[in-house]
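Participant: Before I ask anything, let me first share the structure, which is written out below as structure tokens.
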Amino acid sequence: MKKLIVNQTVFQKGEVKICVPLCGGDIEECLEECNCLEKEIDVVEWRMDYLRGSSVNDWLTALKAIRNHCASYTLLATWRRMEEGGRQPMKAETYESLNRAVIQSGMTDMIDVELFAGEEIVSSLVREAHVHGVKVVMSHHTIHATPTKEEMMIRLMAMERMGGDLVKLAVMPQCVQDVWDLLSASSAYSEREDSCPLISMAMGQLGVVSRVSGVISGSVMSFGALKQTSAPGQLPWRVLKEILEKL
């Protein structure tokens, strides 16, 4: 696995960074969450799909306020589409224009781009991000099932080919075997010397073990709740940190 440095955060195999989501419905709620941040946190993810807005400018205004409050943290901006577990619908062209505006703003270190948001949109956003020095977390979330190990590897390789700087895979296990399959696919991918840094997890209660086993599976970042969870199975970030340190 290749090493990647974003801002002052180093992503490399054998180390698991802690990321907390900001899930406020308005700017005030987001800033209240920012006030709860502590130095042990590595990355802050702003879940843009939680914010109630009517135009791209609404999200840019919120981003500026958040960036000012999170100046010392690596910031990841994410709009999660409803198809992959997001909170509100957005047309494809608006998804592209919002992410493009966030990239061009210079106020985020990383941007989440979904593999299945549309090939032209994905390619365009990746090019724009790299022109502006923003790293791309290429992601895919299967929110109702777990693909086969072979299919998970295919998707990880596709995210790499599409230009992801980090690749993220999240699945919803229906049985214990699904969790092992996710861990196995993650380990196999991360063992490649030229693979991108990997973020992987099985969601829900069955998948909690995957959130604390990154040293084994090769996942370089785990998400822990700050004030509220952004996905099923997230542990409070302090609990996550404690378990990771003990392991």
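The values are calculated or read from the model by the stated rules, or taken from the named source; none is laboratory data. None of these values were measured; they are calculated from a predicted model. Cβ coordinates were reconstructed from backbone atoms using ideal geometry, including for glycine residues, and neighbour counts include every protein chain displayed.
Participant: Out of curiosity, is Val167 farther than 30 Å from Ala101 by Cβ, in contact with a helix residue (DSSP H, G or I) (Cβ under 8 Å, 6 or more places away or on another chain), of a type in the set (Val, Ile, Thr) and at pLDDT 95 or above? Can you show your working first?
Facilitator: Details: farther than 30 Å from Ala101 by Cβ: no; in contact with a helix residue (DSSP H, G or I) (Cβ under 8 Å, 6 or more places away or on another chain): yes; of a type in the set (Val, Ile, Thr): yes; at pLDDT 95 or above: yes.
Taking the combined requirement at face value, the residue does not satisfy it.
Participant: Just checking, which of Ser97, Ser123 is among the hydroxyl-bearing types (Ser, Thr, Tyr), part of a helix (DSSP H, G or I), in contact with a helix residue (DSSP H, G or I) (Cβ under 8 Å, 6 or more places away or on another chain) and surrounded by fewer than 19 Cβ atoms within 10 Å (Cβ to Cβ)?
Facilitator: Ser97
Participant: In addition: Could you list, in sequence order, all residues of segment 67-90 that are hydrophobic (A, V, I, L, M, F, W, C) and under 19 Å from Val113 (Cβ atoms)?
Facilitator: Scanning segment 67-90 gives Leu75, Leu76, Ala77, Trp79, Met82, Met90.
Participant: Further, regarding this structure: Tell me, which helices (runs of 4 or more DSSP H) wholly within segment 164-247 include 1 or more residues that are of a type in the set (Phe, Trp, Tyr)?
Facilitator: Numbers: elements: 176-190, 208-211, 214-217, 237-246.
So the answer is 176-190, 237-246.
Participant: Continuing with this model, one more query. So which of Ser186, Ser190 ends up being of a type in the set (Ser, Thr, Tyr), touching a Pro at 6+ places or on another chain (Cβ under 9 Å) and either surrounded by fewer than 21 Cβ atoms within 10 Å (Cβ to Cβ) or within 25 Å of Gly233 (Cβ to Cβ) (or both)? Please lay out each step first, then the result.
Facilitator: Working: Ser186 fails: touching a Pro at 6+ places or on another chain (Cβ under 9 Å).
Going through Ser186, Ser190 in turn, just one is of a type in the set (Ser, Thr, Tyr), touching a Pro at 6+ places or on another chain (Cβ under 9 Å) and either surrounded by fewer than 21 Cβ atoms within 10 Å (Cβ to Cβ) or within 25 Å of Gly233 (Cβ to Cβ) (or both): Ser190.
Participant: Here's another thing I want to ask about it. List the residue pairs whose Cβ atoms are under 6 Å apart, where the first residue sits in segment 209-231 and is closer than 14 Å to Ile18 by Cα, the second is acidic (Asp, Glu), and the two are 6 or more positions apart or on different chains.
Facilitator: Cβ pairs passing all conditions: Leu226/Glu33.
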